[in-house]
Amino acid sequence: MPAPLLWIVVLLLILTSVGLLVSREWRWSIALLAGQYFAAFWLVSLHWPLTMAAAKLITGWMAAAALGMTQINMNQYQTGETSWPQGRVFRLFSAGLVLLAVFAVSRSVTGWLPGANLSVVSGSLILISLGLLHLGMTANPLRVTLGLLTVLLGFETLYATVENSILVAGLLSTITLGLALAGSYLVALASAEDSA
């Protein structure tokens, strides 16, 4: 894949990760998560065969579908969070700071991994760092699950540069689906406690 297309994929990862951080509507959040998995598919396909990368894409979309089906069955619109801070401007500012740090560090991390491309390392570090930022700003079970899936996707993308085993890919897919199902359960449990 040509280098300019790889940087377009990294830009897509930035947009989806920042969008997940800023968005409060669950439908947009699920769509942005699916977009993250689509962009990561292109980065992973540089190091893995197309079938293994496609399995990662389908696993991510299945996780997004599980979370979406749980939210559809809640029959309520989640308007706000109880955590601090809630402002979109603050979230955008903190995401900008994290992105600056990622681009400052990614070139040195590329030297640690043999055969790693700068765009792949940048994309995976963007996912990991913005996912951790997302986790630090929320207590909502859906939001926590989205943050955990983002961090895990960043790790999977980075790990794909050093390991291309089918067994490892299957294990990571199982972890992704298990995390989505556990998040769906916690979302349903929190909704049942709120209605009671």
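Values in this text are rule-based calculations from the coordinates and carry no lab data. Just so we're clear, the structure is a prediction, and the values are computed from it rather than from any experiment. So basically every Cβ, Gly included, is an ideal-geometry build from the backbone, and we count neighbours across all protein chains shown.
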task = Using only Cα atoms, find the angle between the long axis of helix 118-136 and the longest principal axis of the chain, and express it within 0 to 90 degrees, rounded to the nearest 10.
result = 20 degrees
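Counting each DSSP H run of 4 or more residues in the chain as -39500 (n - 2.57), what helix-only mean residue ellipticity at 222 nm follows after dividing by all residues, to the nearest 500 deg cm²/dmol?
-27500 deg cm²/dmol
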key: Principal-axis tilt of helix 166-195 within the chain, Cα atoms, nearest 10 degrees   = 20 degrees
ask   = Using a simple spin-label model with points 7 Å from Cα along the Cα→Cβ vector, what separation in nm is obtained for I8 and L171?
value = 3.6 nm
ask   = Between Rg and the Kirkwood Rh of region 85-172, both from Cα atoms, what is the Rg to Rh ratio?
value = 1.03
task = Mind computing the radius of gyration and Dmax over the alpha-carbon atoms of region 1-43? Å is fine for both.
result = 10.9, 35
The chain: Rg to Rh, with Rh as the Kirkwood radius over Cα pairs = 0.97
request  = Identify, among N140, S45, S119, the residue whose Cα sits farthest towards the positive end of the charge dipole of the chain, taking +1 on the Cβ of Lys and Arg and -1 on the Cβ of Asp and Glu, with the dipole about the Cα centre.
outcome  = S119
query = In angstroms, what radius of gyration and Dmax does region 3-78 have, counting Cα atoms only?
reply = 13.8, 44
task = Report relative contact order for region 19-154 in percent, whole number only (criteria: Cα-Cα under 8 Å, sequence separation at least 6).
result = 25 percent
key: Tilt relative to the chain, helix 141-159 - C-alpha long axis, 0 to 90 degrees, to 10   = 10 degrees
